[in-house]
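Report on the structure given below.
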Amino acid sequence: MKTYTLGFIFDAAMRRVVLVEKKRPQWQVNKLNGLGGKIEQGEGSAACIVREVFEEAGFPSKESDWTHVALLQGPDWMMDVYALVHDGDEHAAHTTTDEHVGWYSVAALPDNVLSNVPWLAHLAVDKLKDSLRTLNSKIEEAKRKKNILIARKKRAEAQKTIHDTMAGLS
């Protein structure tokens with residue numbers, strides 16, 4: 001079974017995505033696709049997307065930067081789809097090979113995208129937004145718990161002050 005990765009890099013607003021104009025394989029020539037490629041022997045899926053994105057677009061990343069979006073499967077292939085949000089310089093992703101890399105509007109992708117790219121890009125945006133909502137919820141919960149701990153500490157300090165004051169009156 002052949003195994004692949006596909007990755008989408010979005011700007012901070014998740015309105016633009018990095019795509020590559022493919023020169024190979026033949027069925028993808030002149031089509032826009034996400035970044036990625038074949039998983040090498042002994043390589044993990046997340047390690048593959050990091051390597052492929054750096055090779056194709058000069059974009060440095062870590063495995064932990066990527067959010068797993070989907071697993072696509074066919075009779076003799078599997079593909080892990082990943083996404084990340086990049087809030088830095090858009091030139092961090094750039095052409096490094098004979099395949100042109102560029103930023104494109106998610107809402108108005110060109111006609112020459114591979115047929116699965118529009119729905120995969122939108123799925124990736126949805127997954128990233130869900131991940132951000134979950135993270136924000138966890139942050140809010142942590143803040144709430146911190147505030148409870150602070151309130152408990154202040155209450156204990158106040159009770160000690162009351163106790164000390166009452167003891168001084170006796």
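The values are calculated or read from the model by the stated rules, or taken from the named source; none is laboratory data. Predicted model, so just to flag it, every value in this text is computed and none were measured. Ideal geometry is used to build each Cβ from the backbone, glycine not excepted, and the neighbour counts take in all protein chains shown. Surface areas here come from the heavy atoms of the whole protein model, side chains and all, with no ligands, DNA or RNA. Shrake-Rupley method; radii C 1.70, N 1.55, O 1.52, S 1.80 Å.
Is it the case that segment 15-26 has a residue that's at pLDDT 95 or above, farther than 16 Å from His91 by Cα and either β-branched (Val, Ile, Thr) or assigned to a strand (DSSP E or B) (or both)? Yes, segment 15-26 contains a residue that is at pLDDT 95 or above, farther than 16 Å from His91 by Cα and either β-branched (Val, Ile, Thr) or assigned to a strand (DSSP E or B) (or both).
With respect to the conditions (1) under 29 Å from Asp130 (Cβ atoms); (2) surrounded by 12 or more Cβ atoms within 10 Å (Cβ to Cβ); (3) modelled with pLDDT of 95 or more, Ala93 falls short on a single one, namely (3).
Do we find a residue being in contact with a helix residue (DSSP H, G or I) (Cβ under 8 Å, 6 or more places away or on another chain), assigned to a loop (DSSP other than H, G, I, E, B), under 19 Å from Phe10 (Cα atoms) and at pLDDT 95 or above anywhere in segment 30-40? Within segment 30-40, one or more residues are in contact with a helix residue (DSSP H, G or I) (Cβ under 8 Å, 6 or more places away or on another chain), assigned to a loop (DSSP other than H, G, I, E, B), under 19 Å from Phe10 (Cα atoms) and at pLDDT 95 or above.
Hey, among Arg16, Arg24, which residue is within 15 Å of Val125 (Cα to Cα) and open to solvent by 60 Å² or more (accessible area, probe 1.4 Å)?
On the way: Arg24 fails: within 15 Å of Val125 (Cα to Cα).
Within the list Arg16, Arg24, the selection yields Arg16.
Return the residues of segment 27-71 that are of a type in the set (Asp, Glu) and open to solvent by 40 Å² or more (accessible area, probe 1.4 Å); say none if nothing qualifies.
Glu40, Glu43, Glu55, Glu63, Asp65
Among the conditions (1) in a helix (DSSP H, G or I); (2) surrounded by fewer than 14 Cβ atoms within 10 Å (Cβ to Cβ), Gly88 misses just one, which is (1).
When Ala108, Ala124 are checked against the criterion of being under 13 Å from Val17 (Cβ atoms) and exposed (fewer than 15 other Cβ atoms within 10 Å of the Cβ), a single residue qualifies: Ala108.
Filter segment 52-85 down to residues that are assigned to a helix (DSSP H, G or I) and of a type in the set (Phe, Trp, Tyr), then give me how many there are.
Selection size over segment 52-85: 1.
Assess whether Val50 counts as being touching a helix residue (DSSP H, G or I) at 6+ places or on another chain (Cβ under 7 Å) and under 19 Å from Asn116 (Cβ atoms). Judged against the criteria, Val50 is not a match. Looking only at segment 137-148, decide whether some residue is open to solvent by 90 Å² or more (accessible area, probe 1.4 Å), of a type in the set (D, E, K, R), touching a helix residue (DSSP H, G or I) at 6+ places or on another chain (Cβ under 9 Å) and at pLDDT 90 or above. Checked against the condition, which is being open to solvent by 90 Å² or more (accessible area, probe 1.4 Å), of a type in the set (D, E, K, R), touching a helix residue (DSSP H, G or I) at 6+ places or on another chain (Cβ under 9 Å) and at pLDDT 90 or above, segment 137-148 yields no hits at all.
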